[in-house]
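The block underneath contains the structure these notes are about, expressed in structure tokens.
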Amino acid sequence: MRQSRLFSKTKKEFPKNAETVSHKYLVRGDFIDQLSAGIYSFLPLGFRVYKKIENIIREEMNNLGGQELFLPTLIPKKLWEETGRWKTIDPPLFEVKDRHKKEYGLGSTHEEVITDLIRKRISSYQDLPLALYQIQNKFRNEMRATGGLLRVREFLMKDLYSFHSSEKDLMEFYEKVKSAYLKIFKRCGLKAIVVEADSGTIGGKISHEFMVLAETGEDKVLICFSCGFGANIEKVGELKECPKCQSPLEKKNAIESGHIFNLGIKYSRDMKANFRDKDGKEKPIVMGCYGIGLGRLMAAIVEAHHDEKGIIWLKSIAPYSAHLLDLGNDKKIKTEAQEIYKNLEEKEVEVLYDDRDKSPGEKFADADLIGIPIRLVVSEKTLKKGCVEVKKRDEEKAELVKINKLNVQ
């Protein structure tokens, strides 16, 4: 992609009232654009990052045996009423009426919809276990939408639902999801800590959150660095000692980047989603649900990987693998840069070519802000040596590499 054609306008100043690093850099780098409080457009750079994250998540869900589907956003009031959540879910639903005066809630979560789906299709223990997931936009009527993508009213989420014939089978799968989530975060360059959590209005007797420690995080967690125990303060209050090993607990700020729930039979009981066991006895299906907010995960990555100049993307999720800059208006420089750009594209390297009529200082500043992992510079100085200057975004030192030996993978 030629940067002169990229739908992107970086900004010299941070957005007003932005408090978190991710909010500042994602807006200033033109990855996202705010339409209203808690409502953002993903622009081409941001959407490329989002798609990389989405694909990592999809791979791990498929590895678990999950089958992808897509559920409606408009959910009839009668489904919410079956579980009693029409007026009790927190945050409250966005409620809408159609021209026939029928009422709907915009989907903030999809337990009712997925339970309705499986009660029509599962009848026997032979149909279980089953895992279904989607990656879809959600709507939450937040009182206070702040922090950029960390707290929003419309967001993209992966939600996985699993269905089992027994509590034992559910918990075995639950532990597999834990491992898959930790792998997702690792692939995104994050170290997540698993903590016990409050299930809120989703429900269920057991739930765990995946926390990324960050000073800007809104959540408070208690961590035992001796045995690894962790819990959200909402779950356990102001404990001083670890309930497992009695070591002192440390309180940390964190960003919740994932949440998983053992739902038990909460929804299947309320909505009469049953199966027949081996003895022909009818029982409620045992369920679990597992969520990751993709925008929030993107923000957490920026919170963890940045410096005073901008974002530092990992290759696995960067919008492009390489950022090619030509410095100066000399025809030789332009011709060589265009040839390098063409060769990289032929090798299927994702490259952003800064061919704009901008000063070297502006090009360097934008490259650091956008944070693509490898910067390639073609200038009069480098061409004299038949080289390209190669610099990794997370390193200070640059090196000269012969043009015919340039390898960006």
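Bear in mind that the values in this text are calculations on the coordinates, not laboratory data. Quick caveat: nothing in here was measured; it's all calculated off a predicted structure. Note that we place each Cβ from the backbone using ideal geometry, even for glycine, and neighbour counts take in every protein chain shown.
Charged side chains reduced to their Cβ positions (Lys and Arg at +1, Asp and Glu at -1) give the chain a dipole of some 580 debye around its Cα centre. Placing unit charges on each Cβ (+1 for Lys and Arg, -1 for Asp and Glu) gives segment 21-307 a dipole about its Cα centre, and among Phe173, Gly203, Leu117 the Cα reaching farthest toward its positive end belongs to Leu117. Checking Cβ-Cβ separations below 4.7 Å across the chain identifies Cys188, Cys289, Cys387 as cysteines lacking any candidate disulfide partner. Shown here for segment 195-300: GluC sites (Glu not before Pro) in loop regions (DSSP other than H, G, I, E, B) with at most 11 other Cβ atoms within 10 Å, namely Glu215, Glu238.
Please report the net charge: other residues with Cβ closer than 15 Å to the Cβ of Glu282, K and R +1, D and E -1.
Numbers: positive: Arg119, Arg269, Lys272, Arg276, Lys278, Lys281, Lys283; negative: Asp127, Asp277, Asp279.
In short, +4.
Using Cα pairs under 8 angstrom and six or more residues apart, how large is the relative contact order of the chain, in percent?
Working: 813 pairs, mean separation 64.8, N = 409.
The normalised contact order for the chain reaches 16 percent.
In the neighborhood of Ile135, defined by Cβ-to-Cβ distances under 9 Å, what is the net charge if each Lys or Arg adds +1 and each Asp or Glu adds -1? Summing Lys and Arg as +1 and Asp and Glu as -1 gives -1. Over 26 Å apart at the Cα level, from the set Lys52/Lys391; Lys309/Lys391; Lys120/Lys186, are Lys120/Lys186.
Taking a ≥ b ≥ c as the square roots of the eigenvalues of the Cα gyration tensor of segment 322-405, is the shape rounded (a/c under 1.5), prolate (a/b larger than b/c) or oblate? Because its axes are fairly even, with a/c under 1.5, segment 322-405 counts as rounded.
Determine the dipole magnitude for segment 322-405: charges of +1 sit on the beta-carbon of Lys and Arg, -1 on that of Asp and Glu, nothing else is charged, the reference point is the Cα centre, and the result goes in debye to the nearest 20. Kindly include the intermediate steps, with their values, before the conclusion.
Details: 18 positive and 20 negative charges, 83 e Å.
Charge dipole of segment 322-405: 400 debye, to the nearest 20.
Rounded if a/c is under 1.5, else prolate if a/b beats b/c, else oblate: with a ≥ b ≥ c from the C-alpha gyration tensor eigenvalues square-rooted, which is segment 318-369? Cα axes put segment 318-369 in the oblate bin. In terms of its C-alpha gyration tensor, segment 13-117 has an oblate overall shape, because the principal axis ratio a/c (a ≥ b ≥ c, square roots of the eigenvalues) is not below 1.5 and a/b does not outweigh b/c. For the peptides 269-281, 139-151, the ranking by packing is 139-151, 269-281, with the highest mean count of neighbouring Cβ atoms within 10 Å listed first.
The loop-placed chymotrypsin sites (Phe, Trp or Tyr not before Pro) in segment 29-93, going by DSSP, that have at most 16 neighbouring Cβ atoms within 10 Å of their Cβ come out as Phe70. Shown here for segment 342-409: trypsin sites (Lys or Arg not before Pro) in loop regions (DSSP other than H, G, I, E, B) with at most 12 other Cβ atoms within 10 Å, namely Lys347, Lys385, Lys397.
For Lys158, what charge total do you get from the other residues with a beta carbon under 12 Å from its beta carbon, if Lys and Arg give +1 and Asp and Glu give -1? Mind showing how you got there, number by number?
On the way: positive: Arg58, Lys138, Arg296; negative: Glu54, Glu59, Glu60, Glu68, Asp159.
Within the 12 Å Cβ shell, the charges total -2.
Just to confirm my numbers, what's the Cα centroid distance between segment 58-109 and segment 290-326 in Å? Cα centroid of segment 58-109 versus Cα centroid of segment 290-326: 30 Å apart.
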